[in-house]
Amino acid sequence: MSNILWKLKSFEQLLTEDLYKIIKARIDVFVVEQNCPYSDCDDADQVALHLWAEENGKVVCYCRIFPENIKYAESSIGRVLTTEIGRGRNLGRQMMKYAVEAVENRLHTSKIRISAQDYLIPFYNEFGFIATDKKYLEDNLPHTEMFRE
């Protein structure tokens, strides 16, 4: 039986071990799996809330949550991922539900802007995000800016 442990922490609350697991998961998914060499350390982690689930000590899904005027004028959710061992179990859906609730309850707003890989637009639609006309390539992957009110 699986035992999923959800965590939500500010940067200051992260343990060294937490940060290592998070960065490892981000590199495994974005750099290795998606073959997108980029600098993951963007000096934004320090102002983000970090939401993730662990199973048997490994990160199975993760995202970071920003207040207004950091990534966009509105609050935002980014670096959304589900690791290989977490896929196919609806953990990403559960995490997005928690992330939206964290924005509403901790940041006191319902306005959220995200940068979505195009193939995930239907996934984000499930949470009330609407695609804007802003489309672009990021790390050679098609993205669309999406907004939720």
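Where a number appears in this text, it was derived from the coordinates with a stated rule and is not lab data. All of these numbers come straight from a predicted model, not from anything done at the bench. Because the Cβ atoms are built from the backbone with ideal geometry, glycine has one as well, and the counts that use them run over all protein chains shown.
When you go through LYS21, LYS7 one by one, which is the residue that is assigned to a helix (DSSP H, G or I) and either without any contact (Cβ under 8 Å) to a residue 60 or more places away in the chain or surrounded by 17 or more Cβ atoms within 10 Å (Cβ to Cβ) (or both)?
Values: LYS7 fails: assigned to a helix (DSSP H, G or I).
Being assigned to a helix (DSSP H, G or I) and either without any contact (Cβ under 8 Å) to a residue 60 or more places away in the chain or surrounded by 17 or more Cβ atoms within 10 Å (Cβ to Cβ) (or both) holds for just one of LYS21, LYS7, which is LYS21.
In segment 32-90, how many are of a type in the set (Lys, Arg) and either within 16 Å of GLN117 (Cα to Cα) or surrounded by 17 or more Cβ atoms within 10 Å (Cβ to Cβ) (or both)? It would help to see each step written out before you state the result.
Within segment 32-90, the first condition is being of a type in the set (Lys, Arg), and the residues that meet it are 58, 64, 71, 79, 87, 89.
With either within 16 Å of GLN117 (Cα to Cα) or surrounded by 17 or more Cβ atoms within 10 Å (Cβ to Cβ) (or both) added as a condition, the list becomes 64, 71, 79.
Residues flagged as of a type in the set (Lys, Arg) and either within 16 Å of GLN117 (Cα to Cα) or surrounded by 17 or more Cβ atoms within 10 Å (Cβ to Cβ) (or both) within segment 32-90 amount to 3.
Select from segment 108-127 the residues that are closer than 13 Å to GLU74 by Cβ, in contact with a strand residue (DSSP E or B) (Cβ under 8 Å, 6 or more places away or on another chain) and either surrounded by fewer than 18 Cβ atoms within 10 Å (Cβ to Cβ) or not aliphatic (A, V, I, L, M) (or both) and list them in ascending order.
So in segment 108-127, the residues closer than 13 Å to GLU74 by Cβ come out as 108-115.
Narrowing further to those that are in contact with a strand residue (DSSP E or B) (Cβ under 8 Å, 6 or more places away or on another chain): 109-115.
THR109, SER110, LYS111, ARG113, SER115, listed by residue number.
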Is it the case that GLU138 is among the acidic types (Asp, Glu) and closer than 23 Å to ILE22 by Cβ? yes
